[in-house]
Structure formats: structure tokens, C-alpha cells
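Peer 1: One structure is given below, represented as C-alpha cells, and several questions about it will come after.
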Amino acid sequence: MRTVAVIGAGQMGAGIAQVSAAAGYHVLLSDIDLTRAEAGKSGIAKQLDRQVEKAKISRDDADALLGRIQPVADYAPMAAADLIIEAATEREEIKRKIFENVGKVLGAEAVLASNTSSIPITRLAQASPDPARFIGVHFFNPVPVMGLIEVIRGLATSQETVAKIEQYGAALGKRLVFANDAPGFIVNRVLMPMLNEACFALGEGVATIADIDAACQLGLNHPMGPLTLADFIGLDTCLEITNVLFTSTGDPKFRPAPLLVKYVEAGWLGRKTKRGFYDYTGDVPVPTR
Ligand code: CAA
């Protein structure tokens, strides 16, 4: 495997492009237009500058890594890719359209993968030209830091496809875990109920935002408290995944907390809107309750 294409140059796509290039792959990076793909590459350059300043990577290695990332305006160059990873907006109709379009240039041996955090792989595979060569590869944010890739087999995913992803994951130095195509896979099945429960606890007045977060951070040794993490992931994403768990299982234990719903309705989506459970307009995040 030599060439990896990444569709979507946002936070996840850029992270996937960065770690793939760091592993020595030639990377094609696309978004809705070339400007956005180039902006994704500029973001990676900034990340690498910080790593160079901290002497975590040499200037030469950073430049070589960047040189392996090629922003592209459309899917045509992806005909040469061995692996195409979609990391676009988490909306099924957008992803299906991408698979239909990129499917037209997909090489005869190439694998098509989705970084979806919650949409069933078996269903998405129906929009690809060959469900046997379709698979879920779920990365975690921030991609360069997090050591895990969740691999999700659809019903039709072949063993050969799984083996190719095993080889790719090993090259990236990530630990792979394998999940069946069940709602939320592994991580979000376990994580989202915890974040949702923190929202219930806040809504019911159990404790303040700062104390709920400190309790879990220090009492459980988590790097971030649940409300900080929910803001980091995006409250809209948390709600969307929780709704997938709730509607696809019908189990009331997954029902979204009313406060989480309200925050999303208010447009308070976390860090990306500078307001979630914390206010991010100043130098340090300030709890809002
Ligand atoms: N990109 C690249 N590197 C980053 C980064 C980013 N966005 N953010 C932080 N880093 C690096 C820093 O450069 C630093 O690297 P060095 O040790 O080499 O200097 C290292 O990470 C630690 O960063 P900081 O010292 O700035 O901050 P920290 O120690 O507080 O760590 C954190 C920050 C890594 C984000 C940590 O708080 C953490 O692990 N939080 C939990 C993250 C998490 O749970 N992610 C999964 C979310 S769920 C998901 O993604 C999937 C889904 O489907 C919703």
C-alpha cells in the first residue's frame, strides 16, 4: 500500500492525512474545493511547526512529511489510491454521495473506508461499488495523539479488506480494535452514555459543571471531565450519536438528556461555537453554571 486518499480536510481528515504521511504514505487530501483542501494542509503545517519548536520532530522530517500531502481539487487522482478514507460531515446523505462519486474512480483492488462514528457500515457499503472492499476505520480526536483505531466490519466486508487495514494501522503505530457493526461500535457505546449522564446530573442540579468535571477527571483519572470532553467533541455530535443509540436500540437507557438537547437547540455546541458548558471566548475556559 503506497497511496492513501482522505476525503474531508477538517479536524479528523487533516489528522488522518497527517498520521498517514508520517507513516510514509503519499496522501491525497480533498474537500469540497481545493481551497479547503489546502487550508487543511496549512493546519497540518501549523501543528508540525509546534512540534518542531518543541524539538519533537526535525524541520527536515516535518518538511518531508508535508511534501507527501497533496491537496487535490477532485476525485480523479484517487484512481491511484490503495486506500480511500472518507472523513466528511457526519451526515448519511453526504457520505453516500461521496461513495457514489469516488466509487467511479476506485481502483480494482483499492479499499474504501469511512471514519463514521455512528452510521452503520453495512448500510453505507450499499453506496459503494463493492461492499466486500468497504470498511469502517474510526479514528479519535486529536488523531496524532490518540493511539486507537476502531475497525468496523460490515456484513459483506472481506477478510482481505480487514487484513489491508491491519497492515495500514500497524504502519501508523495505532492499536486496532475490531467491532461488529452495532450501534456506537465500542467507544461511543460506552462513552456517550457517560457524557449524557453528566448532562442529566447537571440538569438535575447534582453538582456544578466544574465539580462534575473535577470529580471524573481526578476521581477516575480521565484526561478531561465529561462536560469538557462533550464540548471538545461537539454537543451536536454527542446528541447525534446518543440519538443513534436510542433510536436503533429502542432502549430508554440511551434517551438524550433534556439539557443536552436544549444546548444544541441554542446553538451552544461547545468549543467550535466558543460556547458550550464552558465559555471559550477568553484565555481559559470558564464554566457557564
Ligand atoms: N493535534 C495534535 N496534537 C495535539 C493536539 C491536536 N489537536 N492537541 C494536543 N496535542 C498534543 C500536544 O502537542 C502535546 O504533545 P507533546 O506531548 O508531544 O508535547 C500533547 O498532545 C498533550 O497536549 P497538551 O499538553 O496541550 O494538553 P493535555 O495534556 O491536556 O492533552 C488532550 C490534551 C490530548 C486532548 C487530552 O486532554 C486528552 O486526551 N483528552 C481526551 C481526548 C478524547 O477523549 N478524545 C476522544 C474523543 S471521542 C472521538 O474522537 C470519537 C467520536 O466518535 C466522538
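Peer 1: Considering the stretch 10-48 alone, what residues qualify as being open to solvent by 30 Å² or more (accessible area, probe 1.4 Å) and more than 16 Å from the ligand (Cβ to nearest atom)?
Peer 2: Gly24, His26, Asp31, Ile32, Asp33, Leu34, Thr35, Arg36, Glu38
Peer 1: Another question, if that's okay. Do you know which residues across the stretch 99-157 are of a type in the set (Gly, Ala, Ser) and within 16 Å of the ligand (Cβ to nearest atom)?
Peer 2: Ala113, Ser114, Ser117, Ser118, Gly136, Gly147
Peer 1: Could you check, for the stretch 49-63, whether at least one of its residues is buried (at least 21 other Cβ atoms within 10 Å of the Cβ) and of a type in the set (A, V, I, L, M)?
Peer 2: no
Peer 1: Among the residues of the stretch 195-238, what is the count of those that are of a type in the set (A, V, I, L, M), more than 10 Å from the ligand (Cβ to nearest atom) and touching a Pro at 6+ places or on another chain (Cβ under 6 Å)?
Peer 2: 3
Peer 1: Can you go through Thr116, Thr122 and tell me which one is surrounded by 14 or more Cβ atoms within 10 Å (Cβ to Cβ), assigned to a helix (DSSP H, G or I) and among the polar types (S, T, N, Q)?
Peer 2: Result: Thr122 is the single residue among Thr116, Thr122 that is surrounded by 14 or more Cβ atoms within 10 Å (Cβ to Cβ), assigned to a helix (DSSP H, G or I) and among the polar types (S, T, N, Q).
Peer 1: Among the residues that make up the stretch 211-225, is at least one of them open to solvent by less than 30 Å² (accessible area, probe 1.4 Å) and of a type in the set (D, E, K, R)?
Peer 2: Yes, the stretch 211-225 has at least one match.
Peer 1: Right, next: Within the stretch 64-79, can you find the residues that are assigned to a helix (DSSP H, G or I) and open to solvent by 70 Å² or more (accessible area, probe 1.4 Å)?
Peer 2: none
Peer 1: Do we find that Glu93 is free of Cβ contacts under 8 Å to residues at least 12 places away in the same chain and either surrounded by fewer than 17 Cβ atoms within 10 Å (Cβ to Cβ) or outside any loop (DSSP other than H, G, I, E, B) (or both) in this structure?
Peer 2: The answer is yes for Glu93.
The values are calculated or read from the model by the stated rules, or taken from the named source; none is laboratory data. As the structure is a computational prediction, the values presented were derived from the model and not from experiment. Virtual Cβ from ideal backbone geometry, glycine too; neighbours counted across all protein chains shown. These accessible areas exclude ligands, DNA and RNA; they are computed on the full protein's heavy atoms, side chains included. Shrake-Rupley method; radii C 1.70, N 1.55, O 1.52, S 1.80 Å.
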